[in-house]
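Quick one: the structure is below, questions incoming.
The values are calculated or read from the model by the stated rules, or taken from the named source; none is laboratory data. The structure presented is a predicted model; accordingly, all values stated were derived computationally and were not measured. Here the Cβ positions follow ideal geometry from the backbone for every residue, glycine too, while neighbour counts run over all protein chains shown. Just the protein is used for accessible areas: all its heavy atoms, side chains included, with ligands, DNA and RNA removed. Shrake-Rupley method; radii C 1.70, N 1.55, O 1.52, S 1.80 Å.
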Amino acid sequence: MNVHEILQNPDEHVRFAAYLDKLGHVTDPDEVDLVGSVLTDPDQTMAQSAVLRHLDRRAAGLYPGPAYEGWAQALTQATIDHPFLAQHLREWSLFRAVTLKLPWQPDDLLAASNWLQLKTAAGTNTEAIEILAEAGRTKRIRNTARTSLSHRSES
């Protein structure tokens with residue numbers, strides 16, 4: 001089933017599942033085009049949700065390695081007209097920088113979404129965890145960071 005056939009189905013749940021399946025099997029050279037096609041669906045909430053799941057799945061596998069940067073640049077272009085998706089990719093890049101101890105700015109982390117702050121608070125970068133223990137946006141983030149720090153001191 002191609003994307004045009006998927007679009008013909010009136011049930012957004014069926015389209016969502018079909019998009020996830022297509023995105024889960026897409027080859028690297030076709031990924032940007034497929035993401036762009038999914039984002040043409042008239043149900044933008046559903047389409048962006050499918051792409052968001054795809055981005056999370058791919059970024060989680062790619063961020064530790066060198067292939068991440070080229071992938072993120074290509075997908076940023078594919079999602080440029082979708083601010084939430086573009087921001088989510090920027091946050092994956094910040095997560096990568098924090099986790100791999102590449103250059104990053106504390107203010108960027110503190111301005112980031114709850115999702116990124118919570119993910120980072122449960123991570124491995126002690127400096128970032130200390131910042132979030134002190135100034136994370138929510139009580140949950142601060143507590144998660146403090147728990148991460150206490151587990152480190154016990155080890």
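Under a crude label model (7 Å from the Cα following the beta-carbon direction), how far is E69 from D21 in nanometres?
In this crude spin-label approximation the distance works out to 3.8 nm.
List every residue whose amide H lies under 5 Å from the amide H of L39, counting only residues 5 or more places away in sequence or on a different chain, with H placed 1.01 Å from N in the peptide plane.
Hits under the 5 Å cutoff: none.
Set the Förster radius R0 to 25 Å, insert the Cβ-Cβ distance between H151 and D108 as r into 1/(1 + (r/R0)^6), and round the FRET efficiency to 0.05.
The calculated FRET efficiency here is 0.50.
Expressed as a whole percentage, what fraction of the accessible surface of the chain belongs to carbon and sulfur atoms when a 1.4 Å probe is rolled over the protein heavy atoms?
Carbon with sulfur: 54 percent of the solvent-accessible area.
Also, quick follow-up: Spin-label point model (7 Å from Cα, Cβ direction): what's the I80 to A122 distance in nm?
3.4 nm
For helix 139-154, what angle does its Cα long axis make with the longest principal axis of the chain, in degrees from 0 to 90 and rounded to 10?
Orientation of helix 139-154: about 60 degrees from the principal axis.
Another question, if that's okay. Could you give the length gained by full extension between T40 and E134, i.e. 0.36 nm per residue of separation minus their alpha carbon distance, to one decimal place?
Residue separation times 0.36 nm, minus the Cα-Cα distance, leaves 29.6 nm.
Sorting L20, L102 by accessible area (1.4 Å probe), largest first, what list results?
If we order L20, L102 from most to least accessible, we get L102, L20.
While we're on this one: Over region 1-123, what is the mean sequence separation of C-alpha contacts under 8 Å (at least six apart), divided by residue count, expressed as relative contact order in percent?
Reported as a whole number, the value is 18 percent.
Select from R140, R96, R58 the residue whose mean-square fluctuation is largest in a Gaussian network model of the chain (Cα-Cα springs shorter than 10 Å).
R140
Another question, then. With the chain treated as a Gaussian network of Cα nodes joined by springs under 10 Å, which of A97, A17, A128 yields the largest mean-square fluctuation?
Sorting by GNM fluctuation, first place goes to A17.
Per residue, how much accessible area does the chain show when a 1.4 Å probe rolls over the protein heavy atoms, in square angstrom?
55 Å²
Could I ask something else about it? Compute the long axis of helix 126-135 from its Cα atoms, compare it with the longest principal axis of the Cα atoms of the chain, and write down the angle in degrees, 0 to 90, nearest 10.
That works out to roughly 90 degrees.
Using a 1.4 Å probe and counting only protein heavy atoms, arrange E154, E130, E31 so the residue with the most accessible area comes first.
E154, E130, E31
Would you list which lysines come within 18 Å of K101, measuring only between C-alpha atoms, while excluding same-chain residues fewer than 8 positions from it?
K119
Compute the long axis of helix 28-38 from its Cα atoms, compare it with the longest principal axis of the Cα atoms of the chain, and write down the angle in degrees, 0 to 90, nearest 10.
In the chain, helix 28-38 runs at an angle near 70 degrees to the longest axis.
Along the Cα-to-Cβ line of L100, 7 Å from the Cα, sits a label point; which residues in region 43-86 have backbone N less than 17 Å from it?
56-76, by backbone N distance to the label point.
While we're on this one: Give a residue-ordered list of calculated ³J(HN,Hα) values for region 103-118 (Karplus: 6.51 cos²θ - 1.76 cosθ + 1.60, θ = phi - 60°; whole Hz; x for Gly, Pro).
x, 7, 10, x, 4, 5, 5, 5, 8, 6, 5, 4, 4, 5, 4, 5
Among V14, V51, V32, whose mean-square fluctuation peaks in a Gaussian network model of the chain (Cα, cutoff 10 Å)?
Ranking V14, V51, V32 by mean-square fluctuation puts V14 first.
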